[in-house]
């Protein structure tokens with residue numbers, strides 16, 4: 001069996017708002033980027049303590065990137 005990753009949208013998870021709130025709070029406090037992401041991961045893990053640290057980190061970062069990153073293509 002090959003694991004292809006989750007098809008569940010992390011943005012629809014109940015932890016998404018807590019992740020974004022923690023990330024924004026850390027940014028507002030002037031913390032370095034790594035600590036902002038870490039705050040989001042910790043928020044995800046509080047909501048889902050049964051999940052592995054690696055999976056929680058992937059889900060939390062996916063939420064942050066989906067909400068905060070936009071790509072522009074310049075011609």
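Quick notes
- For the chain, a Gaussian network of Cα nodes joined below 10 Å ranks 56, 15, 29 by mean-square fluctuation, and the top entry is 29.
- Here the simple spin-label model places points 7 Å from the Cα toward Cβ, and for residue 17 and residue 42 these points are separated by 2.2 nm.
- Length added when fully stretched, residue 69-residue 33, from 0.36 nm per residue minus Cα-Cα: 11.6 nm
- For the chain, the fraction of C-alpha pairs farther apart than 19 angstrom is 36 percent.
- Where only DSSP H runs of four or more residues are counted, the chain gives -19000 deg cm²/dmol as its mean residue ellipticity at 222 nm, each run worth -39500 (n - 2.57).
- In the elastic network of the chain, a GNM with C-alpha springs shorter than 10 Å, the most mobile of 24, 35, 50 is 50.
- Mean separation of Cα contacts under 8 Å (6+ apart) over length of the stretch 14-75, as relative contact order %: 35
We did not get these values from a lab; they are worked out from the coordinates using the rules stated. Source: prediction; values computed, not measured. Quick reminder, even Gly has a Cβ in these numbers, built from the backbone with ideal geometry, and neighbours come from all protein chains shown.
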